[in-house]
Amino acid sequence: MVGLVVREADEADYGAIAAIYNEAITQGGITMDGFPVTEEKICAIARGMTERESYLVAELAGRVIGWGVIKRYSDRLGYQFCCETSIYLTQDEVGKGYGKRLQKAIMEKVTQFGYRHIVAKILAANNNSVRFHEGFGFETVGVQKKIGFLNDRWLDVVIMQCLLPY
């Protein structure tokens, strides 16, 4: 992992973020999105973020190989200490420990933002992601059965949470 840099994303990264996400869409079994996203869409999302939301990128040798997002769980006041996070790596870099570095940085940023509760929504068939999150203290709190329909099949989603110290 020598040379891996995790940092806040900027506009120059939005194309790479879109490309990595589109790779996950094409692979299937990782996201509920079924259509590619554009750099412009990522830019629009980033511009709409609040001061407690962020994209982070993992960069290796000057190339973005992964990204993560911290977003509000809800804009309702009662959920002010809860956020949702996701991370994605280019498929060539999965299993090399880069995701762990990115997740650690995201959890540190979540704490800086003042959140105390993190939610992750994971396709139930994505056992690797469930185990990955368990390694960071997430626990499964429920399964939403047949909540998604993509590629002519119904999909379940595992809801995981991590409670951070107050």
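Could you tell me whether residue 90 is touching a residue at least 60 places away in the same chain (Cβ under 8 Å), β-branched (Val, Ile, Thr) and either open to solvent by less than 30 Å² (accessible area, probe 1.4 Å) or touching a Cys at 6+ places or on another chain (Cβ under 8 Å) (or both)?
On the way: touching a residue at least 60 places away in the same chain (Cβ under 8 Å): yes; β-branched (Val, Ile, Thr): yes; either open to solvent by less than 30 Å² (accessible area, probe 1.4 Å) or touching a Cys at 6+ places or on another chain (Cβ under 8 Å) (or both): yes.
Answer is yes for this residue.
Can we say residue 152 is open to solvent by 80 Å² or more (accessible area, probe 1.4 Å), closer than 23 Å to residue 32 by Cβ and out of contact with any Gly (no Cβ under 8 Å at 6 or more places or on another chain)?
Numbers: open to solvent by 80 Å² or more (accessible area, probe 1.4 Å): yes; closer than 23 Å to residue 32 by Cβ: yes; out of contact with any Gly (no Cβ under 8 Å at 6 or more places or on another chain): yes.
So residue 152 passes the test.
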Q) In region 1-31, which residue that is outside any helix (DSSP H, G or I) and among the hydrophobic types (A, V, I, L, M, F, W, C) is farthest from residue 121 (Cα to Cα)? A) 2
Q: Can you work out which of the residues in region 112-166 that are assigned to a strand (DSSP E or B) and among the charged types (D, E, K, R) is farthest from residue 28 (Cα to Cα)?
A: 139
Q) Taking region 32-47 as the region of interest, how many residues are without any contact (Cβ under 8 Å) to a residue 24 or more places away in the chain and not in a helix (DSSP H, G or I)? A) 5
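The values are calculated or read from the model by the stated rules, or taken from the named source; none is laboratory data. Since we're looking at a predicted model, the values are computed, not measured. Cβ atoms come from the backbone with ideal geometry, glycine included; neighbour counts cover every protein chain shown. For accessibility, only protein heavy atoms count, side chains too; no ligands or nucleic acids. Shrake-Rupley method; radii C 1.70, N 1.55, O 1.52, S 1.80 Å.
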